Amino acid sequence: MSFLNDMRFRAFCYQIGAIGLVVAVAWTMFATASDNLAKQNIATGFGFLARQAGFVISETAITYQPTDSIARAILVGIVNTVKVSLLAAILGTVLGLFVGVARMSRNPLLARLALAYVEALRNVPLLLYLFLWYSLIIMVFPPVKQALNILPGVYLSNSGLVLPAVFVENGAAIFALFICAGFAAAILIGRISQQRRLATGKSNHGTVIACLALLVPPLLLWMLGLVSFGWDIPQAGRFRLTGGLHVRPEFVALLFGLLLSVSASVAEIVRAGIQAIGPGQWEAAAALGLHRSRVVRLVVLPQALRLIIPPLTNTYLTVFKNSSLAIAIGYPDLVMVSNTVMNQTGQAIETIAIFMGVYLSLSIAISLTMNWYNARVALKER
């Protein structure tokens, strides 16, 4: 029985026991819930996903009709959630980078304005800001009947912004294929260019060549007539605007609220990362004659990036989870669509399990991506 004194063996047994206990409790809860639902003649299972949805979704990033299945409606909610969260994360990171650098500015006015910006956004609940932006859009802009014709085909009202839309009339598949090939070629050229620049110390215009590799193939398709594009111009009717691309106020309010909240968190992370870089780096760069802006861009920020990425992961996780507040202003995200499904089918447990699983999957995907990137930029010991 000497193996019982092995610490690793006992730790393994404890883990197996803990997992078994969790599985047993989960199975007991599932069995109890199933029995109670069966006694009340409430349907269980995920067969309801194949039923016809029968409800309208005001904003869709993919094609959807009320005659589509409930599974398709939930997919629309997932895509809407990912769309607004991804845009907020990208735009908020860019804005937060500038605000974080401004916090470190030698100009006292700029530094204090950046501080006020961060404190105002971090110390007020996000839900209140969502109500604020949505109310401003509804109250400030005119109704649809009096929509402002800003530019030809561009209308602005309290129902949102309507723009001319471009769509592919012919050759959409080959166009998408060439776009993907162009992206792959641009990434490959960028990496080769960077390796040669590091090896030789000379610029080789890799960025320009990568951009040409991305843009030239689709342009050639269009010039050869293999792809054709069309315009969907908005038309002002008596009661509504038809056609074009409609950017709704719910989407704008949610996007503004999320990206401003993200920018405030990113600004503090960037500030902390910059302050963690020793003063010797600033002094050495200044001794080389570099301007302060170039010191920040070329010396400080690349080193601070290794410190910024880990806390930045939590910020990105938060923005995806905070997108669930969209239900308060009527944006059709995953939670709002799921609530509609629950009200129609009465199968709350399955529906909640679906969107909990979706948020868990998104969070794990973000964590894995950021951990992979963090490993790439981390210092390698030799």
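The values are calculated or read from the model by the stated rules, or taken from the named source; none is laboratory data. Not measured: the values here are computed from a predicted model. Cβ placement follows ideal geometry from the backbone for every residue including glycine, while neighbour counts extend to all protein chains displayed. Remember, those area values only see protein heavy atoms, side chains included, never the ligands or the DNA or RNA. Shrake-Rupley method; radii C 1.70, N 1.55, O 1.52, S 1.80 Å.
Below 14 angstrom from the Cβ of V99, what's the summed charge of the other residues (Lys, Arg +1; Asp, Glu -1)?
Working: positive: R103, R112, R122, R271; negative: E119, E268.
Spelling it out: positives minus negatives among the neighbours equals +2.
Taking only C-alpha pairs under 8 Å that are 6+ residues apart, what is the relative contact order of region 126-252 in percent?
On the way: 164 pairs, mean separation 44.1, N = 127.
This gives 35 percent for region 126-252.
Give me the log10 of I(q) over I(0) for region 333-382 at q = 0.23, 0.28, 0.29, 0.32 Å⁻¹, as the Debye formula computes it from C-alpha points; what are the numbers?
-0.80, -0.96, -1.00, -1.09
How far apart, in nm, are the 7 Å Cα→Cβ label points at A236 and K39?
Here the modelled spin labels are 6.4 nm apart.
Positive end of the charge dipole of region 4-99 (Lys, Arg +1 and Asp, Glu -1 on Cβ, about the Cα centre): tell me which of T28, I78, V56 has its Cα farthest that way.
T28
Percent of alpha carbon pairs in region 1-142 separated by more than 25 Å?
Roughly 67 percent, once rounded to a whole number.
FRET efficiency for R292 and A181, Cβ-Cβ distance as r, R0 = 41 Å, nearest 0.05?
It comes out at approximately 0.50.
Would you mind classifying region 7-60 by shape? Square roots of the alpha carbon gyration tensor eigenvalues, ordered a ≥ b ≥ c; an a/c under 1.5 is rounded, otherwise it is prolate if a/b is larger than b/c and oblate if not.
oblate
How big is the charge dipole of the chain about its Cα centre, in debye rounded to the nearest 20, if each Lys and Arg gets +1 on its Cβ and each Asp and Glu gets -1 on its Cβ?
Roughly 1220 debye, rounded to the nearest 20.
Sort 210-216, 98-104, 6-12 by the packing proxy (mean of other Cβ within 10 Å over each peptide's residues), most packed first.
Ranking the peptides 210-216, 98-104, 6-12 by packing returns 98-104, 210-216, 6-12.
Taking the Cβ-Cβ separation of I352 and R196 as r and a Förster radius of 45 Å, what is the calculated FRET efficiency to the nearest 0.05?
For R0 = 45 Å, the calculated efficiency reads 0.25.
With every protein chain kept in place and ligands, DNA and RNA left out, what is the accessible area per residue of region 157-202? Probe 1.4 Å, answer in Å².
68 Å²
Listed highest first by mean packing, meaning other Cβ atoms within 10 Å per residue, what order do 114-127, 364-377 come in?
With the highest mean Cβ count within 10 Å placed first, the list reads 114-127, 364-377.
Compute the distance from the alpha-carbon center of region 330-346 to that of region 225-295, in whole Å.
If you average the Cα positions of each part, the centres end up 30 Å apart.
Under 8 Å for C-alpha pairs, at least 6 residues apart: give me the relative contact order for region 224-382, rounded to a whole percent.
21 percent.
Can you tally the net charge around A88? Count Lys and Arg as +1, Asp and Glu as -1, for every other residue whose Cβ sits under 15 Å from the Cβ of A88. Can you show the working numbers first?
On the way: positive: K83, K321; negative: E250, D333.
Taking every other residue near A88 into account, the sum is 0.
Leaving out ligands, DNA and RNA, what percent of the accessible area of the chain is carbon and sulfur, probe 1.4 Å?
The value for the chain is 67 percent carbon and sulfur by accessible area.
When the scattering of region 243-348 is computed by the Debye formula from its Cα atoms alone, each counted once and equally, what is log10 I(q)/I(0) at q = 0.18, 0.20, 0.21, 0.24 Å⁻¹?
-0.91, -1.00, -1.05, -1.18
At 222 nm, what value in deg cm²/dmol follows for the chain if DSSP H runs of at least 4 each add -39500 (n - 2.57) and the sum is divided by all its residues, to the nearest 500?
Mean residue ellipticity, 222 nm, calculated: -22500 deg cm²/dmol.
Length gain on complete extension for the stretch T28 to N339, per 0.36 nm per residue less the alpha carbon to alpha carbon distance?
Between T28 and N339, full extension yields an extra 109.3 nm.
Determine the relative contact order of the chain: mean sequence separation of Cα pairs under 8 Å and six or more apart, normalised by residue count, in whole percent.
Taking the mean separation of contacting Cα pairs over the length of the chain, I get 23 percent.
Taking all pairs of distinct Cα atoms, average 1/r, flip it, and tell me the Kirkwood hydrodynamic radius of region 69-172 in Å to one decimal place. Walk me through the numbers before you get to the answer.
Details: mean 1/r = 0.0561 Å⁻¹.
Computed over region 69-172, the radius equals 17.8 Å.
What is the Cα centroid distance between region 76-124 and region 196-224, reported in whole angstrom?
32 Å
Can you give the direction-averaged projected area of the convex hull of the alpha-carbon atoms in region 154-248, in nm²?
8.8 nm²
Taking 0.36 nm per residue of separation and subtracting the Cα-Cα distance, what length does fully extending M139 through A111 add?
Between M139 and A111, full extension yields an extra 6.8 nm.
Expressed as a whole percent, how much of the Cα-Cα distance distribution for region 140-188 exceeds 13 Å?
68 percent
Select one label from (i) 61; (ii) 38; (iii) 34: the one whose number is percent of Cα pairs over 30 Å apart as derived from the coordinates shown.
(i)
Return one whole number: the accessible area per residue of region 39-95 in Å², for a 1.4 Å probe.
Heavy-atom accessible area per residue stands at 53 Å².
Provide Rg over Rh for region 269-310; use the alpha carbon set for both Rg and the Kirkwood Rh (inverse mean inverse pair distance).
Values: Rg = 10.0 Å, Rh = 10.2 Å.
For region 269-310, the value is 0.97.
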